[in-house]
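A short write-up of the structure that comes next.
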Amino acid sequence: MTLAPRKPLPVRAASAVAVAVAQLARTALFVGRRRAVTGDAQVVVSLTSHGVRLRTVFLAIESIVGGTVRPRRLILWVDNEADRARALRSRPLRRLVARGLELRVGEPIGPHGKWWSFVQSETSHDLPLVTADDDVRYGRDWLRPLVEAHEAAPDVIHCHRAHRIALTSDSRPAPYMSWPPCQSKEPSHGSFLTGVSGVIYPPAFLDALRRDGDGFRQCAPHADDVWLTARAIANGVRVAQLADAPRLWYPIVGGQRSALSRANGMDGGNDDQIAATLSPDLLDVVRHDVVRHDANRLDLRG
């Protein structure tokens, strides 16, 4: 997950988040006993969790299940059998499993677990994959627009939130923290997906990720967004934000960013991983697409 710093929530907003979280907890205890986790939306939703977050991940899952559409499969990946046993000691997670949640053991590879584990589990893919984070409360209209966007343009990666890749005059990446938010719905190689708000990946791209292998371990071990954006550029798949403005959902616990997010963003970790992952030939593709995009916008204004 690669986030810019979040400002503390205003008191009123923090109170609203607390109320919403309490409602999700009540749903898990009462209404959720009868509601199936899965539904008719032809997608797989995948997320990963570990450690203390296993205590609250059910809230993120309940927010997904409470949406206007539900996925055909919903998978929670944990790092090992000990974490799986720990998860099953949680009453809300046991109930979610009874309602159709797949609780599976994947590889302990941090933010890459939510996509790599699924990609490796299928020899070929016929459903798109939607990734989610375990510390976010998603709204009721979270999944439907992702599904509808994929149905309308199935060769594009769609997301709720993206940045624009900023390049220096010599076509090198500018510091990550200077990249502006995306302000366009146009598919582009200049758009950098951010997984925290939700991303839908086409089946053909999932097959390509499987073929491309695990180079992320060396060049971007802590930045799934960096690797996935780079692989999209390499495979000719553009990224499109769903709306002209990015959307960021409320965190579940207190609005605090993770240590990984701080290291990737404020402490410059993303810059090192971007430099190791976005090769000159990929940056050349980005530059050409950004120039084309800007020219199109000028033509429209003219």
Residue set W179, W142, W77, W115; condition closer than 15 Å to R53 by Cβ and among the aromatic types (F, W, Y); output residue W77
Are there any pairs, at least 6 apart or on different chains, whose C-beta atoms fall under 6 Å, with the first in the range 110-126 and more than 16 Å from R73 (Cα to Cα) and the second crowded, with 24+ Cβ neighbours inside 10 Å and of a type in the set (D, E), and if so, which?
P111/D224; H112/D224
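Identify, from the list V130, V147, the residue that is surrounded by 17 or more Cβ atoms within 10 Å (Cβ to Cβ), out of contact with any Leu (no Cβ under 8 Å at 6 or more places or on another chain), touching a residue at least 60 places away in the same chain (Cβ under 8 Å) and not in a loop (DSSP other than H, G, I, E, B).
Details: V130 fails: out of contact with any Leu (no Cβ under 8 Å at 6 or more places or on another chain).
Within the list V130, V147, the selection yields V147.
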Look at L143 and say whether it is farther than 15 Å from A230 by Cβ, within 15 Å of the chain's Cα centre (by Cα) and not small (G, A, S).
yes
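Just give me the residues in the range 164-214 being among the small types (G, A, S) and in a loop (DSSP other than H, G, I, E, B), in sequence order. Write out each step before concluding.
First, pick out the residues of the range 164-214 that are among the small types (G, A, S): 166, 169, 171, 174, 178, 184, 188, 190-191, 195, 197-198, 204, 208, 213.
Result: A166, S169, S171, A174, S184, G190, G198, G213.
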Taking the options H158, H222, name whichever one is part of a loop (DSSP other than H, G, I, E, B), modelled with pLDDT of 95 or more and surrounded by 15 or more Cβ atoms within 10 Å (Cβ to Cβ).
H222
So which of W116, W142 ends up being over 15 Å from P202 (Cα atoms) and modelled with pLDDT of 95 or more?
W142
Count of residues meeting criterion [of a type in the set (S, T, N, Q), under 15 Å from V130 (Cα atoms) and in a loop (DSSP other than H, G, I, E, B)] in the range 30-80
1
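Just to be sure before I move on: is G39 farther than 26 Å from L206 by Cα, touching a residue at least 24 places away in the same chain (Cβ under 8 Å) and buried (at least 16 other Cβ atoms within 10 Å of the Cβ) in the structure I sent? Talk me through it step by step, then tell me what you get.
Working: farther than 26 Å from L206 by Cα: no; touching a residue at least 24 places away in the same chain (Cβ under 8 Å): yes; buried (at least 16 other Cβ atoms within 10 Å of the Cβ): yes.
The answer is no for G39.
Suppose the filter is at positive phi, surrounded by 15 or more Cβ atoms within 10 Å (Cβ to Cβ) and either in contact with a Gly (Cβ under 8 Å, 6 or more places away or on another chain) or not in a helix (DSSP H, G or I) (or both); does G139 pass it? I'd like the intermediate steps shown before the answer.
Working: at positive phi: no; surrounded by 15 or more Cβ atoms within 10 Å (Cβ to Cβ): yes; either in contact with a Gly (Cβ under 8 Å, 6 or more places away or on another chain) or not in a helix (DSSP H, G or I) (or both): yes.
Here the answer is no, as G139 does not meet what is asked.
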Listed by first then second residue, the pairs whose first member lies in the range 244-257 and is within 27 Å of K185 (Cα to Cα), whose partner is loosely packed, with under 15 Cβ neighbours inside 10 Å and modelled with pLDDT of 90 or more, with beta carbons under 8 Å and at least 6 positions apart or on separate chains, are D244/Q183; A245/P181; A245/Q183; P246/P181
Which pairs turn up if I take residues in the range 185-208 that are farther than 23 Å from D133 by Cβ and look for partners that are part of a strand (DSSP E or B) and among the small types (G, A, S) with beta carbon separation below 6 Å, at least 6 apart in sequence or on another chain?
P187/A240
For the range 28-52, how many residues meet the condition of being modelled with pLDDT of 90 or more and touching a Ser or Thr at 6+ places or on another chain (Cβ under 9 Å)?
5
Taking the range 68-92 and keeping only residues that are crowded, with 17+ Cβ neighbours inside 10 Å, among the charged types (D, E, K, R) and either over 20 Å from G106 (Cα atoms) or at pLDDT below 95 (or both), one is left with R70
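The values are calculated or read from the model by the stated rules, or taken from the named source; none is laboratory data. Worth saying up front: this structure is predicted, and the values here are computed from it rather than measured. Counting neighbours? That spans all protein chains shown, and the Cβs are built from the backbone with ideal geometry, glycine included.
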